[in-house]
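Working notes, structure below.
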Amino acid sequence: SSSARSGRISEQFMFVDVRFLEQVPPGLLEPGIRGGEVVYFHNDARDGQQEQTGDAGWYATRLPQGFELSMHRRYSSGQNGGAMEQLVYSDGLTSVSVFIERLGSRGEPLQGSSSLGAVNAFGTTNDQYQVIALGEVPAETVRRIATSMQRRAGHD
């Protein structure tokens, strides 16, 4: 908006701890909110979780006005013989990350809304998949995107 166009700082991030690991346990690569902080995980090809190319296996049927797909990644999860898919939708100012993974034996899937500060998340299940959307957007935005995710025909 106007603050972005005027060149004023609208948001700042500070890293207080950066660690480079030789091996990353698969559990650390799961997105989530825990312990009073929002945890975003980045998957690097060096950790053995290979990033795969190809078309997105999922798509949003009802995006808020102005939002479009800006990024897609698929990672081999090493669990349940499946993969985790990440789609990022953006309107140019904000973005929503959607993580989709086949349901497994890691306890109950996230269902419904949660928030921490400006970050809202919404979890739901679709067939045998966990769908989690999160971003610094209104709660209704993440709910709308998460509940509109559909699997493309011919994709596992």
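The values are calculated or read from the model by the stated rules, or taken from the named source; none is laboratory data. Because the structure is a prediction, the values reported are computed rather than measured. Cβ: placed from backbone, ideal geometry, glycine included. Neighbour counts: every protein chain shown. For accessibility, only protein heavy atoms count, side chains too; no ligands or nucleic acids. Shrake-Rupley method; radii C 1.70, N 1.55, O 1.52, S 1.80 Å.
Share of carbon and sulfur in the accessible area of the stretch 58-151 stands at 45%, probe radius 1.4 Å.
The candidates MET71, MET149, MET84, arranged from most to least accessible area with a 1.4 Å probe in the full protein assembly, appear as MET71, MET84, MET149.
What trypsin sites (Lys or Arg not before Pro) does the stretch 111-156 have in DSSP loop regions with at most 12 other beta carbons within 10 Å? Passing sites in the stretch 111-156 are ARG152.
The HN-Hα couplings worked out from phi for the stretch 67-75 by the Karplus form 6.51 cos²θ - 1.76 cosθ + 1.60 (θ = phi - 60°) are 7, 8, 5, 10, 7, 9, 9, 10, 10 Hz, whole numbers, x standing for Gly and Pro. Add +1 for every Lys or Arg and -1 for every Asp or Glu among the other residues with Cβ under 12 Å from the Cβ of GLN150, and state the total. Around GLN150, the surrounding residues sum to +2.
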